[in-house]
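Working notes, structure below.
Derivation of every value follows stated rules applied to the coordinates shown; laboratory data play no part. None of these values were measured; they are calculated from a predicted model. Cβ placement follows ideal geometry from the backbone for every residue including glycine, while neighbour counts extend to all protein chains displayed.
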Amino acid sequence: LVTLGLAGFLLVPLWRALRGAVKREYVAATASVVLILLTTSIVGWDALLRRFRSDEHLGNRLAFAKSSVRMIQDRPLFGFGLGAWPIAYPAYATVDAMAEVNHAHNDWLEWAVEGGIPFAALMILICLRAAWHALRFPWAVGIVSVGLHSLLDFPLQKFPVLLCFLLLVAAVEGQARSRKTLLRQDRIEELANGELVFDIRPQ
């Protein structure tokens, strides 16, 4: 959904440009699409396809979540430090995952563990505000999908996904502000062009 949302964000100005709106939008959108295709080609399509075919189950995610809650209870305000979850986790582990555990498989809990509850709350507010904007701009639904996905995985710990996520957040925020500005300008023009009516009837 993030990929589709990003594609929509790029294709809208491309469509407007083809209709003769603004030439620079055509250039910017085309360049962005080319860069995305080149970057994906360098990394390889097989990794993306493998993720869609993956049959991974929930595994030990519940145990990781319970351990994370205990970690939050010990340091609720300031956490253990950003990036410190895998370092602090072994002291709270309740299961042997038979492998090194690097993430909580829940971005929200991991942020609360590392940055404290205030940091996690800030991230939640950003996502909720973006979700509110997505009600008016459906192309931003990818923001909501990533937020839900983050309850069972750690997509936002991966820089490419985080970059796309932040790009969509910034884009929907800019779109909302742009629309508000246009509405305000329209209102000012209506007032400027309106006729003043004076009531001169005797009181």
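A simple spin-label model places the labels of A84 and A170 2.9 nm from each other, with each point 7 Å out along Cα-to-Cβ.
Taking amide H positions as modeled 1.01 Å from N, with prolines and chain starts lacking one, the residues under 5 Å from F80 and 5 or more places away or on another chain are E114, G115, G116.
Along the stretch 114-128 the Karplus relation, 6.51 cos²θ - 1.76 cosθ + 1.60 evaluated at θ = phi - 60°, assigns HN-Hα couplings of 7, x, x, 4, x, 5, 5, 4, 4, 5, 5, 4, 4, 5, 5 Hz to successive residues, with x for each Gly and Pro.
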